[in-house]
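Asks: Encoded as structure tokens, here's the structure I'll be asking about.
The values are calculated or read from the model by the stated rules, or taken from the named source; none is laboratory data. The model shown is predicted, which means the values in this text are computed figures rather than measured ones. For neighbour counting, all protein chains shown are included, and Cβ atoms are generated from backbone atoms with ideal geometry for every residue, glycine included. Just the protein is used for accessible areas: all its heavy atoms, side chains included, with ligands, DNA and RNA removed. Shrake-Rupley method; radii C 1.70, N 1.55, O 1.52, S 1.80 Å.
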Amino acid sequence: MTTSQSSTSENNTIESTKSPLILVDGSSYLFRAYHVPYLQALSTADGQPTGAITGVLNMLGSLKKDYPNGNIIVIFDAKGKTFRNDMYPEYKANRPPMPDELRSQIAPLHEIITAMGLPLLVIPDVEADDVIGTLAKQADEQGMETVISTGDKDMAQLVTPHVRLINTMTNVEMDVAGVSEKFGVRPDQIIDYLALMGDKVDNIPGVVKCGPKTAVKWLAEHGTLEGVIANADKVKGKIGENLREALEQLPLSYQLATIKCDVELEQSAEQLAASEPDVEALTALYQKFELKRLLADLTKGKTSANNTEVVKAAAPKNSASEVEVIAAEVGESQYDIILDQALFEQWLDKLNSSIAFAFDTETTSVDYMKAELVGLSFAIEAGKAAYVPLMHDYADAPEQLDRDWVLAQLKPLLESTEIKKIGQNLKYDANVLSQYNIEVKGIAFDTMIESYCYNSVATRHNMDALALKYLGYSTVHFEDIAGKGAKQLTFNQIDIEKAGHYAAEDADITLRLHQAIFPALAQSEKPLSVFNDIEMPLLPVLARMEQGGVLIDSDVLDQQSHSLGQRLDELEIEAHNLAGKSFNLGSPKQLQQILFEELKIPVIKKTPKGAPSTAEEVLQELALDYPLPKVILENRGLSKLKSTYTDKLPLMVSPKTGRLHTSYHQAVTATGRLSSTEPNLQNIPIRSEQGRKIRQAFIAPKDHKIVAIDYSQIELRIMAHLSNDKGLVTAFSEGKDIHKATAAEIFAVELDEVTTDQRRSAKAINFGLIYGMSAFGLAKQLNIGRQQAQEYQDKYFQRYPGVLTYMEDTRQQATEQGYVETIFGRRLYLPDINAKNGMRKKAAERAAINAPMQGTAADIIKKAMLAVDQWLLEQNDDRVKMTMQVHDELIFEIHQDIVEETTQKLVALMNNAVELSVPLIAEYGIGDNWDEAH
DNA sequence: ACAGGAACTTA
DNA sequence: GTAAGTTCCTGTT
């Protein structure tokens, strides 16, 4: 995407006095523009995609604006093979074919560029890089200033004192010093650097395991590739072997990475001057491709495609033309730091008369229970934001507005349901403000969740990552202003000027992200409804659960820690005796040494890195024949319990509330599940006897009970619904024990003749099904032969043919459209589904099978939580509280006086959360603690 | 002080 | 065979 100069970016001097030669890497532009998410949806009424065209023209427009006197030449790759393929047939062999949506935009783009009067070069048998290199070299020899606009790092080899690169995305120029800074090598070493590393994408071989760090190190030592090759025998270790193995093909890699600078061109750079645009042809083309804004610019007499319109703060509408506007760049910005009442009131008026605004809180801690408010920032339109510092208290900090007065002024605004709030991870801000007695309402757009619903796996969803991906903008990082490590400052200690810029930028960028992501999300009906109807409404529900916390009995845990400690001491002594020496039981490395080298126990399995594994399953097997593994196993299990749970949980109780407050993360998992951290309440032990005891410390308050309600077999029920397999649907409809029913089918026995062992096998098969099983995996799980496992699997599909069809359909859908979806339309993209690497492809296929089930289950319990929360709000009875969610289970605290009827009501709400073609069954338990309730 | 791997916990 | 998070150790900053 184009970016005009941001007031925040540094050393970005643009030469406008001379007439530099501007070489545009059209193919790199095209590729980038095609992958900009919010451009992908653009098309004409009859379905011709135009997003890449729009993107490239925007970038060109921006370039023209930045270099008004520049002599622009646009270069594209020609179709077909190049001389590099002759040199090396596998060159770029891994590239997937160009998608039709992209291919169909090339010819129109060429036409438009030509009509604009820009020289366009498409030279067969070489790549655009080579043409650019040739022109740049010619210009350089004549001392002409040249700027190459590209996103391709390989071009760094072309940089000289007269030739600079400009990054298509960030608009940052890179000169000789810039290359050295960015890559750690000089421009004349770039080819050596690239050859050593190789290039996965282009299929250029390099030295195995040699990445940027190693390449830079070697080149710093030996100067050139030749130098490195000459000294290859001196390099030690595995990487030295890798280097020596690569010696023969390194010259080829070098050749492939070298941009050819002597392509025969018919015209020189000077001869390729721009001509006047052919307005008539341009008008026709813009009309044909429905490029409305460009058309409007044309009639207004503008010739460029500059995109400097200010985007309104209102929720963007869902239309193609609006989306085009949303492709706005991060441009000029103006940030206010509010220290006086008059300016504050001015902003307050504007906020009060807005229909939506972005805001962000700055605090002393990422832990919402400990955080103290330090300031607030706001943005109503892109580029204009304000920071209200409240509690900066470093020496000679300026006087700030009174916190309580400011919050009193803001309270009605923040609690208004009419004025919509935009934010990044608003649950955090809501939790913090709730400590100041402000209950934020009108929470409509959380950019983190927008990005997550749009594509859960394309990026992480923190603001820095989103700004980079969706705005091509690199934000000020917290560490840049606060430092890191032990010396990190808290926000109140940071200089107000610096803090103000950072904070205001946060609000500004959040607003711009919303303007970029939401329209893209709104292009697809179902993901939008997941956002609007599930995720955003859930946000305040989770906030309430987090703030409510859960009660634990620290004394019980302390006692358990003590007895676990004693047992661990015994085990340690026993282990040392068995080993004949003292060692650290927690160190897999020391354990390997003792087990496999000193005691000469046979190696069963290796870790991915090649070391002999001491994993649980291995020790389990060894424990049959040797005493030490058994001791280690018990030690490991118990020390995990002690360090993670019984020692740690009491320390995490909030002094303010006396309860444990987790964080639920709404934008982490690929499939739509929640995750929980600090502490993770979703992996509290249950399977082992010892582990269960930890649940006894999760207690109800006085006169209350713990009620746990969980969905029974929810994923298999979803499978029944999705596949509509007759046998599976019938089994559930008749309320059968599903594992038993499966066993009866597979082993061809009557239902009441199924043995425990058969049921166990059937259960493993059912689980395998949910996980996209292979016969191999099943064999391992059941400890049977592969053949046998394959027979079970065949039998299963024979008995439940609908399931087989469903799985085949899902794989196909994933392959064709690149994503799978839940019943409610939550999408999971599978970038590896067409991977060349068979392992990755297979893994993606399993994920594709599993995601609709796991994801639908997540959707269902989220809907149940919404229904429960709404009912709780209606009851307005503080004797009932929803405290935890563990994927298919909700946990409540309920006063003993109303526990029975309330539980029945909650079970009903969960059962009726959604309508499936099989019954949805929630089962409950009631007790004084979580163990009893489960 | 931090990053990565191995191991262990859950649904 | 799916999806997560935490702790400890180890080797590198």
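Asks: So which of A:Leu511, A:Leu564, A:Leu538 is assigned to a helix (DSSP H, G or I) and within 15 Å of DNA strand C (Cβ to nearest atom)?
Replies: Checking each option against the conditions leaves just A:Leu564.
Asks: Could you tell me which residue of region A:690-728 is nearest to DNA strand C (Cβ to nearest atom), considering only residues that are assigned to a strand (DSSP E or B), β-branched (Val, Ile, Thr) and open to solvent by less than 30 Å² (accessible area, probe 1.4 Å)?
Replies: A:Ile709
Rundown of residues vs (1) free of Cβ contacts under 8 Å to residues at least 24 places away in the same chain; (2) of a type in the set (Asp, Glu); (3) open to solvent by 50 Å² or more (accessible area, probe 1.4 Å), yes/no style:
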site: A:Val163; (1), (2), (3): no, no, no
site: A:Asn167; (1), (2), (3): yes, no, yes
site: A:Gly184; (1), (2), (3): no, no, no
site: A:Val208; (1), (2), (3): no, no, yes
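Asks: Identify all residues within region A:878-922 that are within 25 Å of A:Thr671 (Cβ to Cβ) and open to solvent by 30 Å² or more (accessible area, probe 1.4 Å); write none if there are none.
Replies: Listed by number, the residues that qualify are A:His887, A:Asp888, A:Leu909, A:Asn911, A:Asn912, A:Glu915, A:Ser917, A:Pro919, A:Ile921.
Asks: How about region A:481-502: which of its residues are of a type in the set (Phe, Trp, Tyr) and under 15 Å from A:Ala397 (Cα atoms)?
Replies: A:Phe491 - this is the single residue of region A:481-502 that is of a type in the set (Phe, Trp, Tyr) and under 15 Å from A:Ala397 (Cα atoms).
Asks: When you go through A:Leu243, A:Leu265, A:Leu196 one by one, which is the residue that is of a type outside the set (Asp, Glu), touching a strand residue (DSSP E or B) at 6+ places or on another chain (Cβ under 9 Å) and under 26 Å from A:Tyr91 (Cβ atoms)?
Replies: Of A:Leu243, A:Leu265, A:Leu196, the one residue that is of a type outside the set (Asp, Glu), touching a strand residue (DSSP E or B) at 6+ places or on another chain (Cβ under 9 Å) and under 26 Å from A:Tyr91 (Cβ atoms) is A:Leu265.
Asks: I'd like the full set of residues that are surrounded by 13 or more Cβ atoms within 10 Å (Cβ to Cβ) and modelled with pLDDT under 80, limited to region A:218-241.
Replies: Across region A:218-241, the qualifying residues are A:Val235, A:Ile239, A:Gly240, A:Glu241.
Asks: Considering (1) more than 37 Å from the chain's Cα centre (by Cα); (2) open to solvent by 30 Å² or more (accessible area, probe 1.4 Å); (3) within 15 Å of DNA strand C (Cβ to nearest atom), say which one A:Ile594 fails and leave the rest.
Replies: In the conditions (1) more than 37 Å from the chain's Cα centre (by Cα); (2) open to solvent by 30 Å² or more (accessible area, probe 1.4 Å); (3) within 15 Å of DNA strand C (Cβ to nearest atom), A:Ile594 misses (2) alone.
Asks: May I pose another question? Run down A:Ile746, A:Ile770 and say which single residue is in contact with an Asp or Glu (Cβ under 6 Å, 6 or more places away or on another chain) and touching a residue at least 12 places away in the same chain (Cβ under 8 Å).
Replies: Of the residues listed, the single one that is in contact with an Asp or Glu (Cβ under 6 Å, 6 or more places away or on another chain) and touching a residue at least 12 places away in the same chain (Cβ under 8 Å) is A:Ile770.
Asks: Go over the candidates A:Ser529, A:Ser554 one by one and state the one that is within 16 Å of DNA strand C (Cβ to nearest atom) and either outside the structural domain of A:Asn431 (by TED's automatic domain parsing) or open to solvent by 20 Å² or more (accessible area, probe 1.4 Å) (or both).
Replies: A:Ser554
Asks: What are the residues in region A:58-94 that are surrounded by fewer than 16 Cβ atoms within 10 Å (Cβ to Cβ), of a type in the set (A, V, I, L, M) and under 34 Å from the mean Cα position of the chain (by Cα), if any?
Replies: Matches in region A:58-94: A:Ala93 only.
Asks: Out of A:Val886, A:Val918, A:Val907, I need the residue that is within 14 Å of DNA strand C (Cβ to nearest atom) and at negative phi. Which one?
Replies: Checking each option against the conditions leaves just A:Val886.
Asks: Mind checking which residues of region A:614-666 are touching a residue at least 60 places away in the same chain (Cβ under 8 Å) and of a type in the set (Gly, Ala, Ser)?
Replies: Within region A:614-666, A:Ser639, A:Ser654, A:Gly658, A:Ser663 meet the criteria.
Asks: Residues to consider are A:Ile784, A:Ile765; find the one that is within 12 Å of DNA strand C (Cβ to nearest atom), assigned to a helix (DSSP H, G or I), over 31 Å from the mean Cα position of the chain (by Cα) and among the β-branched types (Val, Ile, Thr).
Replies: Just one listed residue meets the conditions, A:Ile765.
Asks: Just checking, which of A:Glu734, A:Glu808 is more than 30 Å from A:Ala670 (Cα to Cα) and away from DNA strand C (no atom under 12 Å from the Cβ)?
Replies: Exactly one residue qualifies, and that residue is A:Glu734.
Asks: Can you find, within region A:121-167, the residue that is nearest to A:Gly178 (Cα to Cα) among those that are among the small types (Gly, Ala, Ser) and in a helix (DSSP H, G or I)?
Replies: A:Ala156
Asks: For residues in region A:807-841 being over 26 Å from A:Ile534 (Cα atoms) and in contact (Cβ under 8 Å) with a residue 40 or more places away in the chain, which is least open to solvent (accessible area, probe 1.4 Å)?
Replies: Step by step, filter region A:807-841, then rank; the result is A:Met807.
Asks: Let me ask something additional. Given the condition open to solvent by 10 Å² or more (accessible area, probe 1.4 Å) and either closer than 26 Å to A:Asp869 by Cα or more than 21 Å from the chain's Cα centre (by Cα) (or both), answer yes or no: does some residue in region A:503-515 qualify?
Replies: No, because not a single residue in region A:503-515 is open to solvent by 10 Å² or more (accessible area, probe 1.4 Å) and either closer than 26 Å to A:Asp869 by Cα or more than 21 Å from the chain's Cα centre (by Cα) (or both).
Asks: Can you say whether A:Ala465 is assigned to a helix (DSSP H, G or I), open to solvent by 10 Å² or more (accessible area, probe 1.4 Å), closer than 27 Å to A:Thr657 by Cα and small (Gly, Ala, Ser), as far as the supplied structure shows?
Replies: Against the criterion (assigned to a helix (DSSP H, G or I), open to solvent by 10 Å² or more (accessible area, probe 1.4 Å), closer than 27 Å to A:Thr657 by Cα and small (Gly, Ala, Ser)), A:Ala465 does not qualify.
Asks: Inside region A:824-860, can you point out the residues that are under 26 Å from A:Asn912 (Cα atoms), part of a helix (DSSP H, G or I) and touching a helix residue (DSSP H, G or I) at 6+ places or on another chain (Cβ under 8 Å)?
Replies: Passing the criteria: A:Ile849, A:Asn850, A:Pro852, A:Met853, A:Gln854, A:Thr856, A:Ala857, A:Asp859, A:Ile860.
Asks: In region A:193-243, what count of residues is obtained for those that are touching a Phe, Trp or Tyr at 6+ places or on another chain (Cβ under 7 Å) and acidic (Asp, Glu)?
Replies: 1
Asks: What pairs can you find where one residue is in region A:438-464 and in contact (Cβ under 8 Å) with a residue 40 or more places away in the chain and within 13 Å of DNA strand C (Cβ to nearest atom), the other is assigned to a loop (DSSP other than H, G, I, E, B) and of a type in the set (Gly, Ala, Ser), and their Cβ atoms are less than 7 Å apart, with a gap of 6+ or different chains?
Replies: These pairs meet every condition: A:Tyr452/A:Ala667; A:Ser456/A:Ala670; A:Val457/A:Ala670; A:His461/A:Ala667.
Asks: While we're here: Would you check which residues across region A:569-614 are of a type in the set (Asp, Glu) and more than 16 Å from DNA strand B (Cβ to nearest atom) and list them?
Replies: Those that are of a type in the set (Asp, Glu) and more than 16 Å from DNA strand B (Cβ to nearest atom): A:Asp569, A:Glu570, A:Glu574, A:Glu598.
Asks: How many residues, within region A:671-689, are away from DNA strand B (no atom under 11 Å from the Cβ), surrounded by fewer than 17 Cβ atoms within 10 Å (Cβ to Cβ) and touching a residue at least 60 places away in the same chain (Cβ under 8 Å)?
Replies: Final tally of qualifying residues: 1.
Asks: Something else about it: Out of (1) within 16 Å of DNA strand B (Cβ to nearest atom); (2) polar (S, T, N, Q); (3) touching a residue at least 60 places away in the same chain (Cβ under 8 Å), the odd one out for A:Asn724 is which?
Replies: (1)
Asks: Also, quick follow-up: If we keep just the residues of region A:629-652 that are under 18 Å from A:Ala575 (Cβ atoms) and open to solvent by 40 Å² or more (accessible area, probe 1.4 Å), which is nearest to DNA strand C (Cβ to nearest atom)?
Replies: A:Ser643
Asks: Which of (1) within 16 Å of DNA strand B (Cβ to nearest atom); (2) in contact with an Asp or Glu (Cβ under 9 Å, 6 or more places away or on another chain) does A:Tyr626 not meet, given it meets every other one?
Replies: Unmet for A:Tyr626, out of (1) within 16 Å of DNA strand B (Cβ to nearest atom); (2) in contact with an Asp or Glu (Cβ under 9 Å, 6 or more places away or on another chain): (2).
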